[in-house]
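Notes for the one structure printed next.
The values are calculated or read from the model by the stated rules, or taken from the named source; none is laboratory data. Source: prediction; values computed, not measured. Positions of Cβ are generated from backbone atoms using ideal geometry, with glycine treated the same way; all protein chains shown enter the neighbour counts. Remember, those area values only see protein heavy atoms, side chains included, never the ligands or the DNA or RNA. Shrake-Rupley method; radii C 1.70, N 1.55, O 1.52, S 1.80 Å.
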Amino acid sequence: MSSSAEHTTKAGGAFGQRQAAANRSRFRDQAASEFAGPWLSRVGDCTAVTGVGGPRPGAGEASRTRCAAGIITTYWISYRSIADREHALAHYRKQSAEAWRLTPGAGSSPDGETSGASAGTHYVEYAYVVPSGQRAGQVVAAIWYSDPVQPVAGIFLAYWSDGLGSSWEPLRDFWRQRG
């Protein structure tokens, strides 16, 4: 196999490279795009969340991009500052404290450590009940993952029963695919 073919295979092949490039073009923030990079060949339908005709970016967010990966939805968020990111993280940590009641097994990282900081990054598993709409009452399991030095984060969400089959493993497996 030639070195060019080896490079293409290792980088996800021609399809993966093209998928990643198409998704990257949908981001409004380069830092968030780079942070999402390891997953961009595995997701599709990336769309910048603008607040026009749909959800708005949250408090302290500079940009938010939504992508789909089958049963999992990802959000890639750029915050205005590290302080804004840390404020958002505090909210998800509160949801994490009681997540085990909604989603047994919550709170452990894929590597068997408890949710928290590792090498400056934050990994938090949390869960919540959808408050209204078509999916009202359903449980969502989620992972928060943030960059150690930049004000960016990723959120990975899936419906607990329908999508994940009441197991954290599919969501954790997708998160592990960061490379």
- Item | Residue identified as surrounded by fewer than 21 Cβ atoms within 10 Å (Cβ to Cβ), touching an Asp or Glu at 6+ places or on another chain (Cβ under 6 Å) and not β-branched (Val, Ile, Thr) among Gly70, Gly60, Gly37 | Gly60
- Report the residue count in segment 111-168 for those that are part of a strand (DSSP E or B), among the polar types (S, T, N, Q) and either open to solvent by 40 Å² or more (accessible area, probe 1.4 Å) or modelled with pLDDT of 95 or more (or both). 2
- Task: For segment 162-179, enumerate the residues that are of a type in the set (S, T, N, Q) and in contact with a strand residue (DSSP E or B) (Cβ under 7 Å, 6 or more places away or on another chain).
- Result: none
- Residue pairs meeting the criteria (Cβ under 8 Å; at least 6 apart or on separate chains; first closer than 13 Å to Thr73 by Cβ, in segment 158-169; second polar (S, T, N, Q)): Ala158/Thr73; Tyr159/Gln138; Asp162/Gln138
- Item | Scan of segment 57-91 for residues that are over 25 Å from Ala21 (Cα atoms) and free of Cβ contacts under 8 Å to residues at least 60 places away in the same chain, ordered by number | Gly58, Ala59, Gly60, Ala83, Glu86, His87, Ala90, His91
- Message: When you check Ser78 against the structure, is it modelled with pLDDT of 90 or more, in a loop (DSSP other than H, G, I, E, B) and either of a type in the set (S, T, N, Q) or open to solvent by less than 20 Å² (accessible area, probe 1.4 Å) (or both), yes or no?
- Response: no
- Which numbered condition Gln17 fails, given (1) open to solvent by 40 Å² or more (accessible area, probe 1.4 Å); (2) in contact with a strand residue (DSSP E or B) (Cβ under 6 Å, 6 or more places away or on another chain); (3) modelled with pLDDT of 90 or more: (2)
